[in-house]
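Input: a single structure, listed below in structure tokens.
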Amino acid sequence: MEDLKNIINDCASGEVRAQEKLYRMFAPKMFGVCLRYAKDNTEAEDNLQDGFIKVFMNIKSFRHAGSFEGWVRRIMVNVSLEKYRKQHLMHPVEDIGIYEQVKFSDDILDKISANELIELIQQLSPRYRMVFNLFVLEGMNHKEISEEMKISVGTSKSNLARSRDILKRKVKQLYGEIETNANYSA
């Protein structure tokens with residue numbers, strides 16, 4: 001870890017080789033973070049580049065008090081949120097009660113790969129994708145999501161319910177093995 005601390009300090013001093021080394025250390029993992037929030041690889045690459053620009057611009061503010069990887073990850077998520085906010089995408093609030101529970105057999109969860117799941121998440125609308133990722137992957141609660149995305153708590157809950165429903169239906173289409181508690185009219 002002392003090596004990482006030296007690299008961070010060298011980056012703060014503007015050393016290009018240190019920035020390159022830091023980028024190579026963290027880019028693969030952070031690309032995965034960006035990919036979860038992006039609609040495709042190209043958008044994820046853009047977010048990764050924008051994120052690292054912010055990392056290098058703000059690296060002097062990192063105080064070595066917490067996880068550097070967590071600090072970089074938060075920047076990547078914030079870059080994705082900023083891009084989302086700039087697009088001003090609006091979706092109506094929906095009644096979350098209209099979505100029935102779906103139960104999957106354990107076989108489906110064993111069959112779906114991480115890449116397939118990421119592809120399905122990328123197919124969600126930008127708002128649904130953001131809410132789903134912030135709730136499921138970042139562990140934020142609906143109040144935090146509503147503040148980050150400038151939406152109501154009810155909209156956050158509705159968007160999460162809808163995104164889960166869409167993902168469940170997409171998995172059903174992929175594998176066709178599902179037990180339902182209700183009939184769907186989709």
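Values computed for the structure shown
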item	result
Protection proxy ranking of 153-159, 43-49, 7-13 - average other beta-carbon atoms within 10 Å, highest first	153-159, 43-49, 7-13
Burial ordering of 129, 169, fewest other beta-carbon atoms within 10 Å first	169, 129
Dimensionless Rg/Rh of the range 4-48 - Kirkwood Rh, Rg from C-alpha atoms	1.11
Rg/Rg_globular for the range 2-87, with Rg_globular taken as 2.2 N^0.38 Å and Rg from C-alpha atoms	1.06
Normalised per residue, the volume of the convex hull around the Cα set of the range 122-173 (Å³)	64 Å³
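The numbers here are math on the coordinates, done by the rules we state, and not lab data. A quick note: this is a predicted structure, and the numbers were derived from the prediction, not measured. Reconstructed Cβ throughout: ideal geometry from the backbone, glycine too, with neighbour counts over all protein chains shown.
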